[in-house]
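Questions regarding the structure given below will be posed in turn.
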Amino acid sequence: MAQRVFLQRLLVPSVRSLRLTTPSLYIALSGAARVHGPLARHRSVPCSAVNRFIATSSVCRVTFNVQDAEDFQERVIGSETPVVVDFHAQWCGPCKILGPRLEKLIAKQQGKVLMAKVDIDDHTDLAIEYEVSAVPTVLAMKNGDVVDKFVGLKDEDQLEAFLKKLVCP
């Protein structure tokens, strides 16, 4: 309990001094519904109500988690847009580094490429079918066919070159 009070006293003043522009971040860090800007009228509203207000904006999703083999067939194999398939695992350190890098670069493509994330522990059948022997393994698929592949961690320049080959014929 004493540690919790200490951390609240230490962190809350520094959070207030940041003058965050993202209300949900401010709420998450401070644990209160003190919001600046257009949401300031919600000061006395519970956090859950403010979060509901924030979550109503539409988001364009180019990254998705594969749910099962049928979902993979429909969203990856049947996609007219090229798809980067990231075979990963929760316990894999390099996967945790590569995933956000790929997501960032694919988001820059503005919908020209989609990203499917496949957890090999949940979908071993897909991992076996696509001969995934190590993680992370990333496949580039176009019109249902694997056109390129790499295994392991890559830097951003190598990832950009990988995506450029997929987008530009």
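Does region 123-140 contain at least one residue that is β-branched (Val, Ile, Thr), touching a residue at least 40 places away in the same chain (Cβ under 8 Å) and out of contact with any strand residue (DSSP E or B) (no Cβ under 6 Å at 6 or more places or on another chain)? I'd like the intermediate steps shown before the answer.
Let us first name the residues in region 123-140 that are β-branched (Val, Ile, Thr), namely 124, 128, 132, 135, 137-138.
Restricting the remaining residues to those that are touching a residue at least 40 places away in the same chain (Cβ under 8 Å) gives 132, 135, 137-138.
With out of contact with any strand residue (DSSP E or B) (no Cβ under 6 Å at 6 or more places or on another chain) added as a condition, the list becomes none.
Checking region 123-140: not a single residue is β-branched (Val, Ile, Thr), touching a residue at least 40 places away in the same chain (Cβ under 8 Å) and out of contact with any strand residue (DSSP E or B) (no Cβ under 6 Å at 6 or more places or on another chain).
A further question follows. Determine which single condition residue 164 fails, assuming it passes every other condition in (1) of a type in the set (D, E, K, R); (2) outside any helix (DSSP H, G or I); (3) out of contact with any Leu (no Cβ under 8 Å at 6 or more places or on another chain).
Against the list (1) of a type in the set (D, E, K, R); (2) outside any helix (DSSP H, G or I); (3) out of contact with any Leu (no Cβ under 8 Å at 6 or more places or on another chain), residue 164 comes up short only on (2).
Given the residues 153, 139, 114, 126, which is the only one that is over 21 Å from residue 69 (Cβ atoms) and surrounded by 12 or more Cβ atoms within 10 Å (Cβ to Cβ)?
Numbers: 139 fails: over 21 Å from residue 69 (Cβ atoms); 114 fails: over 21 Å from residue 69 (Cβ atoms); 126 fails: over 21 Å from residue 69 (Cβ atoms).
153 is the lone residue from the list that is over 21 Å from residue 69 (Cβ atoms) and surrounded by 12 or more Cβ atoms within 10 Å (Cβ to Cβ).
Can you tell me which residue within region 92-102, out of those that are open to solvent by 70 Å² or more (accessible area, probe 1.4 Å) and touching a residue at least 12 places away in the same chain (Cβ under 8 Å), is farthest from residue 62 (Cα to Cα)? Full working, then the answer.
Applying the first criterion (open to solvent by 70 Å² or more (accessible area, probe 1.4 Å)) to region 92-102 yields 96-97, 100-101.
From what is left, the residues that are touching a residue at least 12 places away in the same chain (Cβ under 8 Å) are 97, 101.
Details: 97: 19, 101: 14 Å.
Going through the qualifying residues, I end up with 97.
When region 61-78 is examined, which residues are found to be surrounded by 12 or more Cβ atoms within 10 Å (Cβ to Cβ) and touching a residue at least 60 places away in the same chain (Cβ under 8 Å)?
Listed by number, the residues that qualify are 66, 76, 77.
The values are calculated or read from the model by the stated rules, or taken from the named source; none is laboratory data. Just so it is clear, the structure is predicted and the values come from calculations on it, not from any experiment. All Cβ positions, even for glycine, are placed from backbone atoms using ideal geometry, and neighbour counts span all protein chains on display. The accessibility values were calculated without ligands, DNA or RNA, using every heavy atom of the protein model including side chains. Shrake-Rupley method; radii C 1.70, N 1.55, O 1.52, S 1.80 Å.
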